[in-house]
Number of protein chains: 2
Amino acid sequence: MIDAKIIDIKVQDIRFPTSLHYHGSDAMHTDPDYSCAYVTIITDTEYEGYGLTFTLGRGTEIVVLACKSLFKIIKNKKTTKIFSNFALYWRKLTCDTQLRWIGPEKGVIHLATAAIVNALWDLWARIENKPVWKLLTDMSPKELVSTIDFRYIKSVVTKEQAIQILENNMKQKEHQESELQKKGFPAYTTQVGWLGYSDEQVVDLCNSSLERGFTAFKIKVGQNLDDDIRRCEIVRRVIGPEKKLMLDANQVWEIDEAVEWIDRLAIYKPFWVEEPTSPDDSWGHGQIRERLKEKVKLATGEMCANRVMFRQFLEMGIDYCQIDAARIGGINEILAVYFMAHIKNLPICPHAGGVGLCEMVQHLQMWDYICLSQTNEDRMIEYVDQQHEQFEDPVCIKNACYMPPSRPGYSTKLKDECILEYAYPEGNYWKLNKSE
Amino acid sequence: MIDAKIIDIKVQDIRFPTSLHYHGSDAMHTDPDYSCAYVTIITDTEYEGYGLTFTLGRGTEIVVLACKSLFKIIKNKKTTKIFSNFALYWRKLTCDTQLRWIGPEKGVIHLATAAIVNALWDLWARIENKPVWKLLTDMSPKELVSTIDFRYIKSVVTKEQAIQILENNMKQKEHQESELQKKGFPAYTTQVGWLGYSDEQVVDLCNSSLERGFTAFKIKVGQNLDDDIRRCEIVRRVIGPEKKLMLDANQVWEIDEAVEWIDRLAIYKPFWVEEPTSPDDSWGHGQIRERLKEKVKLATGEMCANRVMFRQFLEMGIDYCQIDAARIGGINEILAVYFMAHIKNLPICPHAGGVGLCEMVQHLQMWDYICLSQTNEDRMIEYVDQQHEQFEDPVCIKNACYMPPSRPGYSTKLKDECILEYAYPEGNYWKLNKSE
């Protein structure tokens, strides 16, 4: 195998002016400029790794600096050394004895960890000449599990248990992969009901999504109850009573308020209600879930800081687990969450949209479908049709399903012309349209 | 009242080379360089505000940048407008619609919020010509409570409840303040048992602390059980069976491991065991606490990310609540935690040490003693004799008690010569001793 030496990193602040048209607007984030801290890991070979973490505009510069500060931990290391001891290197990145204090394993420093770790996986997959889902799928159970740091979660899952689960599933893998190649993995759309959209836009978008084969639709709620009721009625009228409707409150409610508000929306039969309150409050989610348990199910995860927080949500607070590819510390930590959710028997429905999140999570969910849960029952990947055109290997949706990528890597390489246009503040777009 | 306009900010990276002698070394942070991101808020008057957040060396540069990015939220604002709507401005700082994504309310961005908010309180106290504890104490209940953002904690405490509690305590205030002026507030020392210290050092430090009147002693544990047993025996032999011994594991254990390890140390009758596992795992703390409930009490908080996390620890996981002055979003949010702890009947014993933490937390605990809990029973402030000489208004310890500061502000102004020496990397010390 090629043994590349990591010699440098390039970190770029890329911002798309999405706030102009309220794409992505929700009750908490009213004017997001979808952005990313974009990492290129440079080696002494022809291979490079491309990784990113998703941000909303202001603050991306802070994550960029954090990526640069973390880089020295992997600088001058050989790829074979990192990939054969990936759990150890992941620990080094998240547990530097000084940097750790400004997290630990949360916020800016963990977003930066995600960008770097994702770039390392992209690099690995490029060296192996496989898409990441296939790299993961082809690993032996022992190899795959060796990438995971089990610190703080050993009472729910150990290394040995994880290996055993994968080994038991080996015989089913081939069948799963062939099904996936035929049918892809089901997606749902979030594009029909951003908070800033008019009722007419919502109707049009529901209709066009139905035409494209979607059977599950998510809208934003939480700013005004009357608006939410009206929008739920509109969407239900267009999509009918059988298709799935999900509601996303983006963290706006207190515990009691969530119970009362959701209670009013329960007649629209939501498949889940997402982020009813603080993304840190697993205990509070547990309270809401208990009080509404006959009526609705809860989903949360896009802002869950790390595997320890996920563990608590799995114990107390949620019915659907929404991993995010760029908030917790990259694939290594996400795999840990997949194993915990599997053991707790909770389906994972990844958070996506933003910048590159769809591109990344598809690989993870496909690995899960082939190797771990081996099912798509009650499982869907979020889909938003934004920023895909900026990537060299954008997602491919057919009949409302994600089709497995075939190109090597994690699908996270931005086109050169995207960087020229949207690098902040020096890209062509931002030079012409000064912000702030 | 003086109405100053905030016109600029200076943010400095200050690092002390404490790793040279293992001061501050624990099981997780083996070589800390005690540091801070140091904020000076500049107004159009003679008044300035000085605030900081504590860091461990590497990574301080990231927090410095975050302070600069946050500054524009208060730039050109008038102080009377901020201080009369402080909860609103606190919300603006923590809930910027784009910056929020890289937290929310945790890690780098929340440490930066703390530095800025602390500087605002210092500025306010300087304008009022009072130390912060006295500024807080002299406020009407309504004024004080108006500084708190109750988002996500209303099911444990509301604005009205908080005002009512303070009003009920009014008649006792004068007595409490006079007691405080006479006796000060009890401290405990953490200086006797950093992990890097030899047994001889531990014995010497216990003896000298006893001579200075200390009755409570904290040592670090968690790296090696035999070492911990030996050190507990040594300390108990020197301080005797009656005085308080606290054990601090700095987050190193799994849940089961914590139970087994603590079980072995329980015979040394620790007053509390601190940070047994991940600082995010309130549920896990709850498990450990339940399994050891006849034997030891637990304390946690110095790495608790925000009031929502504290709320969960108060519900599930701890017996002693250790607020930190520079990790959650400054005084406004800390006051919220004091109210929640009061309602849940848990004593607060602030985390201190580091850089400026002793200087800050004394003000808060003194306010609590005068206005809220109105007791020092089961309550102590951590004390470490480090970096105080760098401040213009260092803590004053008499007979192992913190004496109330009399100079205006939050005691957080560094001496000019300290900055000249330890600013990183341009200070005289770092120019002579290149690191990294």
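Suppose we take every Cα in the range A:227-349 and form the convex hull; what volume per residue is that in Å³?
Looking at the range A:227-349, the number lands at 104 Å³ per residue.
Quick one: net charge of B:Ile239's neighbours, Cβ under 14 Å, K/R +1, D/E -1?
+4
Considering only DSSP beta bridges whose two residues both sit in the range B:170-414, what percent are antiparallel, to the nearest 5?
Antiparallel bridges make up about 20 percent of those DSSP assigns within the range B:170-414.
Of all DSSP beta bridges in the protein assembly as shown, what percent run antiparallel (nearest 5)?
DSSP beta bridges in the protein assembly as shown are roughly 55 percent antiparallel.
Using a 1.4 Å probe on the heavy atoms of the protein chains only, list every residue of the range A:243-268 that has 10 Å² or more less accessible area in the complete assembly than in its chain alone.
Residues passing the criterion (a loss of at least 10 Å², heavy atoms only) are A:Gln251, A:Val252, A:Glu254, A:Ile255, A:Asp256.
Distances longer than 24 Å among the Cα atoms of the range A:170-414: what percent of all pairs is that?
The proportion of pairs with Cα distances above 24 Å equals 45 percent.
Determine the order of A:Thr45, A:Thr53, B:Thr215 by accessible area, beginning with the largest, at a probe radius of 1.4 Å.
Sorted descending by solvent-accessible area, the residues read B:Thr215, A:Thr45, A:Thr53.
Please report the antiparallel percentage of DSSP beta bridges with both residues in chain A, rounded to the nearest 5. If you can, show how the numbers build up before the last one.
Numbers: 24 of 43 bridges.
Among the beta bridges of chain A, antiparallel pairing accounts for roughly 55 percent.
Taking only Cα atoms and a 10 Å spring cutoff, compute GNM fluctuations for chain A and point out the largest among A:Gln322, A:Gln98, A:Gln191.
It is A:Gln98.
Going through the range A:356-394, which GluC sites (Glu not before Pro) have at most 15 other Cβ atoms within 10 Å and a DSSP loop state?
Listed in order of number, the matching sites are A:Glu377, A:Glu392.
With the contact rule set at Cα under 8 Å and sequence spacing of 6 or more, what percent relative contact order holds for the range B:1-153?
Details: 252 pairs, mean separation 39.5, N = 153.
The normalised contact order for the range B:1-153 reaches 26 percent.
Got the A:Tyr429 label distances to the other copies yet, label 7 Å along Cα→Cβ, in nm, shortest first?
Distances to the matching label points in the other copies: 4.5 nm.
Given Cβ point charges of +1 (Lys, Arg) and -1 (Asp, Glu) and nothing else, what value in debye, to the nearest 20, does the dipole of the protein assembly as shown about its Cα centre take?
Values: 104 positive and 124 negative charges, 55 e Å.
Using only the charged Cβ atoms, the result is roughly 260 debye.
Would you tell me the mean number of C-beta atoms belonging to other protein chains that fall within 10 Å of each C-beta in B:305-312, as a whole number?
Mean partner-chain Cβ count within 10 Å for B:305-312: 5.
Averaged across orientations, what area in nm² does the convex hull of the alpha carbons in the range B:89-185 project?
That works out to 7.9 nm².
If I ignore ligands, DNA and RNA and count only protein heavy atoms, how much of A:Tyr429 is accessible to a 1.4 Å probe, in Å² to the nearest 10?
40 Å²
So which residue of A has the beta-carbon closest to the axis that swings A onto B, and how many whole Å away?
A:Gly107, 1
Under a point-charge model restricted to the Cβ atoms of Lys and Arg (+1) and Asp and Glu (-1), what is the dipole moment magnitude of chain B relative to its Cα centre, in debye to the nearest 20?
1280 debye
Once the dipole of chain A is set up with Lys and Arg at +1 and Asp and Glu at -1 on Cβ about the Cα centre, which of A:Ile318, A:Ile2, A:Thr97 lies farthest towards its positive end?
A:Ile2
Using the Cα centre of chain A as origin and beta-carbon charges of +1 (Lys, Arg) and -1 (Asp, Glu), tell me which of A:Gly222, A:Ile381, A:Val296 is placed farthest towards the positive end of the dipole.
A:Ile381
For peptide A:70-76, what's the mean number of Cβ atoms from other chains within 10 Å of each residue's Cβ?
Shielding by partners across A:70-76 averages 1.
Just from its helices, what would the mean residue ellipticity at 222 nm be for the protein assembly as shown, if runs of 4 or more DSSP H residues each count -39500 (n - 2.57) and the sum is divided by every residue, rounded to the nearest 500 deg cm²/dmol?
Helix contribution divided over all residues of the protein assembly as shown: -12500 deg cm²/dmol.
Using a 1.4 Å probe on the protein heavy atoms, what percent of the accessible area of the protein assembly as shown belongs to carbon and sulfur?
C and S fraction of accessible area: 46 percent.
Stokes-Einstein D for the range B:293-410 at 25 °C, 0.890 mPa s, Kirkwood Rh over Cα pairs, in µm²/s?
Taking Rh from Cα pairs, D becomes 168 µm²/s.
Mind checking A:154-160 for the average number of partner chain beta-carbons within 10 Å of each residue's beta-carbon?
2
Hey, can you find the accessible area per residue of the range A:21-143 for me, probe 1.4 Å, expressed in square angstrom?
Spelled out: the 1.4 Å probe surface of the range A:21-143, per residue, equals 27 Å².
Just going by the charge dipole of the range A:170-414, with Lys and Arg at +1 and Asp and Glu at -1 on Cβ, which of A:Gln251, A:Val308, A:Tyr188 is farthest out on the positive end?
Going by the Cα projections, it comes out as A:Tyr188.
If contacts are Cα pairs under 8 angstrom and at least 6 residues apart, what is the relative contact order of the range A:170-414 in percent?
The normalised contact order for the range A:170-414 reaches 21 percent.
List the residues, sorted by chain then number, that are 5 or more residues from B:Ile381 or on another chain and whose placed amide H is less than 5 Å from its amide H.
B:Ala187, B:Tyr188
Relative contact order for chain B using alpha-carbon pairs under 8 Å, separation at least 6, rounded to a whole percent?
19 percent
Identify the trypsin sites (Lys or Arg not before Pro) of the range A:399-436 meeting these criteria: DSSP loop state and at most 11 other C-beta atoms within 10 Å of the C-beta.
Of the trypsin sites (Lys or Arg not before Pro), the ones in loops of the range A:399-436 whose Cβ has at most 11 other Cβ atoms within 10 Å are A:Lys434.
Please state the Cα pair-distance histogram of the range A:7-74 with 5 angstrom bins from zero: what percent is in each bin?
4, 18, 22, 18, 14, 10, 7, 4, 2, 0
Quick one: Debye curve from the C-alpha atoms of the protein assembly as shown, no solvent, what's log10 I(q)/I(0) at q = 0.09, 0.10 Å⁻¹?
One equal scatterer on each Cα of the protein assembly as shown leads to -0.90, -1.12.
Karplus couplings for the range B:110-117 from phi (6.51 cos²θ - 1.76 cosθ + 1.60, θ = phi - 60°), rounded to Hz, Gly and Pro as x?
7, 4, 5, 4, 4, 4, 6, 5
So which trypsin sites (Lys or Arg not before Pro) in the range A:239-318 are both in a DSSP loop and have at most 15 other Cβ atoms within 10 Å of their Cβ?
Filter output for the range A:239-318: A:Lys293, A:Lys295.
Where a ≥ b ≥ c are the square roots of the eigenvalues of the C-alpha gyration tensor, would you call the range A:138-253 rounded, which needs a/c under 1.5, or, failing that, prolate if a/b is larger than b/c, or oblate?
oblate
To the nearest 20 debye, what is the magnitude of the charge dipole of the range B:76-214 about its Cα centre, counting +1 on the Cβ of each Lys and Arg and -1 on the Cβ of each Asp and Glu?
So the magnitude is around 880 debye.
Can you give me the P(r) profile for chain B? Cα pairs, bins 20 angstrom wide beginning at 0, each as a whole percent.
Taking all Cα pairs of chain B, the binned fractions are 27, 60, 13, 0 percent.
GNM, chain A, Cα, under 10 Å: largest mean-square fluctuation among A:Thr97, A:Thr18, A:Thr375?
Evaluated over chain A, the most mobile residue of the options is A:Thr97.
Whenever you get a sec, line up B:Leu225, A:Leu120 from highest to lowest accessible area (probe 1.4 Å, protein heavy atoms).
Correct descending sequence by accessible area is B:Leu225, A:Leu120.
Taking springs between alpha-carbon atoms closer than 10 angstrom, which of B:Arg327, B:Arg379, B:Arg100 fluctuates most in the Gaussian network model of chain B?
Its mean-square fluctuation being the largest, the pick is B:Arg100.
Tell me the distances, shortest first, between A:Asp31 and the same position across the other copies, using label points 7 Å along Cα→Cβ, in nm to one decimal.
4.6
The values are calculated or read from the model by the stated rules, or taken from the named source; none is laboratory data. Please read these numbers as outputs of a predicted model, since none were measured by experiment. Glycine also receives a Cβ, built like all others from the backbone with ideal geometry; neighbour counts cover every protein chain displayed. Heads up: the accessible areas ignore ligands, DNA and RNA and are worked out on the full protein's heavy atoms, side chains in. Shrake-Rupley method; radii C 1.70, N 1.55, O 1.52, S 1.80 Å.
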